[in-house]
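Chemist: After the structure tokens below, expect a handful of questions from me.
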Amino acid sequence: MPVLLLLVSLLFSGFALAEEERRLQPGDAITIVMPGERAFDKPFTLDTEGKIRLPELGRVSLKGKTLPEAKTALKLALSTVYLSLEQFDLELAERQLLIRVLGYVNAPGEVLLPADANVQMAIEAAGGLRPGAQLDRLQVQRRQGIEFFDYKAYLDSGDESSLPRLQSEDQLFVPASPLTGNVEVNFDARSLISGGDAGDEEQAITLFGEVRNPGSFSLKEPLSVVDALMRADGVTRYADVSHIRVITDNVPYLFDLKAYLDSGDTNTLPAVKAGTLIYVPIQVEVVSKTKRTVYVMGEVQAPGAYETGDQVTFLDLLANAGGPTRFAETRNIRLLRQDQEVVEVNLSAYTESQNAAPLPDILPGDVIFVPEKTDVNEKSWLKIPNDRAVKIIGAMKKPGRYEWDDGMSFLDLFAHAGGPEQHANLAEIEIVKEDGSKTVFDLDKFIKQGGAFASLPVLVAGDTVVVNELPWDPTDNKSSWVRQSPESSIYIFGQVGAPGRYAFNNQLGFLDILAAADGPTDKADLGQIRITHRDGEQARVTQLNLARYFETGDESVLPVVKPGDTIFLPQRERQWLEKPSNQVVRIMGAVQKPGRYSFDGSMNLLDLLAEAGGPTDNAYIEKIIVVQHSCCSAQARVFDLQAFVTDPNYASIPLVRPGDTVYLPNEDQSNWHVFINGVRDALSIVALFALGAAI
């Protein structure tokens, strides 16, 4: 019995000696005995550098020391601060592993583990693996190098020997699967393996083409082509299963899955190993053509090829294709027959009216094309063919080329183009047809006076609507008159401020056009304005006395002018050039301004003398002669202006009419002056004879 106790004692003493000889490593926890010092009540853990932080001393390195060596070093360090160290002691509280866990874990960082901890415990201490971690390529990094291991194999088998033993200061790294991509997103395990589950391309097989889930998959031998196709969730309905390509070790094989399923001969299965590529092509013939196929294309929810039958209608096929999208132009659906006939279908009109054209019958091989609705804001006009467009140009807010439908009206087009500009000439809107013919529409009259909508121009696709501009300013006519047709203009020239060619409509009057031309000048003869009218079969001339209008305000004297008329305001000094002799009165003789003067029934001889500036200083006003023209012969009357001034008697004033002549003689032609001249001549003769007798 004493021998047994001795052996046990020696065994435990050996363990104690071995424990003391063990070197301290980062992660180990020690207890420092310092009675009375509460700062030393808790254990101290060695950090990654193998140091502990002591109160009032700071960091002290214990890495690689045995317990006795650490005790001596600490006692020496503490003696510089503490006086009494008789009861100081050092004990090992716990052996721990300080492991750094990085990579695709939920809480990467440093973790403290028991001395016997393994990789799974380290991962759990770091919050566990994140979805998308690559389990077969985990790494343990030490100073000696990097050790790779398959953590997935450990999880499958539970064999702990497949895991590396952890040492303090190890770095455990968990990589991310290549399938996670460059942008991190949240996904579950199913979405992770949707593109394959292989992490190592050298140990994977790749499937692509007409399979439901193409990607790279880990190789689990034994694996056949059929097994590989099932890993990719099978083939699609468009797959050409009779021409599957398999490439193994750079050698291509052609595999007929349909023949294998019919025969069951495993000898036809090509070999599958790491790096094998499997491609399943598309079966074009199956998709594109059968004897009863109708194709639905364009803006439908599910375009494609559909089977038809005797009872299948146009709406059945559209419903089968999911119906038109919100971008579809349902007014111009096209049905293409095999004989190249094109049938236009207005589905919107069919659904809006009971009187619309019926939908066409469907035949095998037909193609239903639902075009995209045209965006009017697009810069390109190529999406609207010419047989569906109307052009509007000129003074509009948004001139351009617009899609046209027979259900639209002339006003719809104007509203679509944003309406006319302020300077637009709405009275003469031109509609040009494709054949070159042209019509003119007065929209201004339609708006102001009202009218039936049936009187609006009927537009068809291909028409062009031209909205001309009015002149910006009267002075602008010199440069902009070419934009006006002669039929819509009035010409005004003569003594006006701005003669020229002006746009005119039926809502404007004579004074409007005269004001636009800056009015008459101070040299204008307002009593002799002439208007040439050209709206009839023959031209006619109207004479206007504008001065009478200004005196009376009677608008009935103003003529009615229309587009195409000509207005002329003559100059006063040149009246005799424009008027014949039977329309003027001639005044000659001793007056200030002899000449031809306009005369009307409201004037008399005194008015005429005043118009001619009055008699001169040597005028013989006692015998003013008025030569009157009657129907048979001319007659003369004498008027004594001197007597009229002395005794005014208006009845004595001779009547003057257009065509008459007024003559004022001078004093040399008076009777007294003739007599005096005769007396003077007689006296001269007598004096001459007397002188001769004296001689």
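Each reported figure results from applying straightforward, stated rules to the coordinates on display, with no laboratory input. All of these numbers come straight from a predicted model, not from anything done at the bench. Note: ideal-geometry Cβ built from the backbone for every residue, glycine included; neighbour counts use all protein chains shown.
Chemist: Could you work out the relative contact order of the stretch 97-176, using alpha carbon pairs under 8 angstrom and six or more residues apart, expressed as a whole percent?
Modeler: 40 percent
Chemist: Once the other residues with Cβ under 13 Å from the Cβ of residue 121 are scored (Lys, Arg +1; Asp, Glu -1), what is the net sum?
Modeler: Working: positive: 165; negative: 116, 124, 160, 170.
So the surrounding residues net to -3.
Chemist: Another question, then. How much length is gained on full extension from residue 327 to residue 367, taking 0.36 nm per residue of separation minus their Cα-Cα distance?
Modeler: Length gained, residue 327 through residue 367: 12.5 nm.
Chemist: Compute the distance in nm between two label points, each set 7 Å from the Cα along the Cα-to-Cβ direction, one at residue 313 and one at residue 622.
Modeler: In this crude label model, residue 313 to residue 622 measures out at 11.9 nm.
Chemist: Determine, from the Cβ-Cβ distance of residue 89 and residue 110 and an R0 of 35 Å, the FRET efficiency 1/(1 + (r/R0)^6), rounded to the nearest 0.05.
Modeler: E between residue 89 and residue 110, to the nearest 0.05, is 0.75.
Chemist: Can you list the residues, at least 5 places off or on another chain, whose amide H is less than 5 Å from the amide H of residue 328, using H built in the peptide plane?
Modeler: The list, which skips near neighbours in sequence, is 373.
Chemist: Now for a separate question. From the gyration tensor of the Cα coordinates in the stretch 386-469, what semi-axes in whole Å does the equivalent ellipsoid have, largest first, with each one equal to sqrt(5λ)?
Modeler: The equivalent ellipsoid of the stretch 386-469 has semi-axes of 18, 15, 13 Å.
Chemist: By the scheme Lys and Arg +1, Asp and Glu -1, what is the net charge of all other residues having a beta-carbon under 10 Å from that of residue 527?
Modeler: 0
Chemist: Assuming 0.36 nm per residue, please report the length gained on full extension of the stretch residue 448 to residue 301 beyond their Cα-Cα distance.
Modeler: 48.0 nm
Chemist: Have a look at the stretch 489-640 and give its Rg and Dmax from the Cα atoms, expressed in angstrom.
Modeler: Over the stretch 489-640's Cα set, Rg and Dmax evaluate to 18.8, 58 Å.
Chemist: Between residue 393 and residue 421, what is the label-to-label distance in nm when each label sits 7 Å out along the Cα-to-Cβ direction?
Modeler: Rounded to a tenth, the inter-label distance reads 1.4 nm.
Chemist: Can you check what the net charge comes to around residue 33, using other residues whose Cβ is under 9 Å from the Cβ of residue 33 (Lys, Arg +1; Asp, Glu -1)?
Modeler: -2
Chemist: Continuing with this model, one more query. Using a Förster distance of 30 Å, how high is the FRET efficiency between residue 655 and residue 555, based on the Cβ-Cβ distance and rounded to 0.05?
Modeler: Values: r = 31 Å, r/R0 = 1.05.
Efficiency, rounded to the nearest 0.05: 0.45.
Chemist: Restricting things to alpha carbons, find the Rg to Rh ratio for the stretch 31-132 using the Kirkwood radius for Rh.
Modeler: A ratio of 1.10.
Chemist: I need 581, 348 ordered by Cβ neighbour count within 10 Å, fewest first.
Modeler: Listed from fewest to most nearby Cβ atoms, that is 581, 348.
Chemist: Turning to a different aspect of this structure: For a Förster distance of 51 Å, can you work out the FRET efficiency between the beta-carbons of residue 357 and residue 226, rounded to the nearest 0.05?
Modeler: 0.40
Chemist: Sort out for me the Cα centre separation of the stretch 79-126 from the stretch 245-274, rounded to whole Å.
Modeler: Between the Cα centres of the stretch 79-126 and the stretch 245-274 lies a distance of 57 Å.
Chemist: While we're here: For 83, 456, 609, which order do you get if you count the other beta carbons within 10 Å of each Cβ and list the fewest first? Working shown, then result.
Modeler: Numbers: 83 6, 456 15, 609 21.
Sorted ascending by nearby Cβ count, the order is 83, 456, 609.
Chemist: Give me the extension gain from residue 515 to residue 647: residue separation times 0.36 nm, minus the current Cα-Cα distance, reported in nm with one decimal.
Modeler: Contour length minus the Cα-Cα distance gives 42.8 nm.
Chemist: Give me the three principal axis extents of the stretch 522-568 from the C-alpha atoms, as integers in angstrom, largest value leading.
Modeler: Ordered largest first, the stretch 522-568 gives principal extents of 34, 24, 14 Å.
Chemist: Counting other beta carbons within 10 Å of each residue's own, what order do 48, 80 fall into, fewest first? Could you put the intermediate results ahead of the total?
Modeler: On the way: 48 13, 80 8.
Ascending number of Cβ neighbours within 10 Å: 80, 48.
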